[in-house]
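This report refers to the structure that appears directly beneath it.
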Ligand code: ATP
């Protein structure tokens, strides 16, 4: 088994989808290793999305991700990173497959309800950004 990192983004939390999204995640075979509701500061969001700092949407992304509470979680499952990306669907909800979390809950390319790590290495970095070792079981 291995692990991935996810955030229910501010739009998903604001719209009251936290419970439904967590239910869908656990029903899809992911075990919750760590879980918390938190809010990123502007500086936190800038650091978390540093890899996108040259992209045209970076400012908008930072503003969006820091505008309200998120729910951060570490998830465990065989093939966790790839299977979770399949479960959430395409970045743009217009392209997301039927039954995916983004198809069900995302509103736009930017406000797309959930984040999922894109590699094992980034899953470990992103988990450590939000959780200490004593918060992951
Ligand atoms: P995530 O990293 O959140 O799981 P992703 O890997 O599907 O998403 P990336 O291309 O890494 O997508 O972009 C990171 C995030 O930046 C997207 O989830 C979305 O919130 C935002 N984003 C991406 N492209 C755009 C865009 N063209 N306009 C506005 N926001 C965007």
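Any read-out appearing in this document is the output of simple, stated calculations on the displayed coordinates, not a laboratory observation. These numbers come from a predicted model, not from an experiment. Cβ atoms come from the backbone with ideal geometry, glycine included; neighbour counts cover every protein chain shown.
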As a footprinting exposure proxy, order 5, 131 by other Cβ within 10 Å, with the fewest listed first.
131, 5
Estimated Rh, the chain: Kirkwood, alpha-carbon pairs, angstrom
14.8
Sort 10-18, 98-106, 50-58 by the packing proxy (mean of other Cβ within 10 Å over each peptide's residues), most packed first.
98-106, 10-18, 50-58
Binned at 5 Å from 0, what are the whole-percent values of the Cα-Cα distance distribution for region 85-137, short to long?
5, 21, 22, 15, 16, 13, 6, 1
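Could you work out the relative contact order of the chain? I mean the mean sequence separation of Cα pairs under 8 Å and 6+ apart, divided by the number of residues, in percent.
38
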What do the square roots of 5 times the Cα gyration tensor eigenvalues come to for region 35-76, in whole Å, largest first, as semi-axes of the equivalent ellipsoid?
20, 12, 8
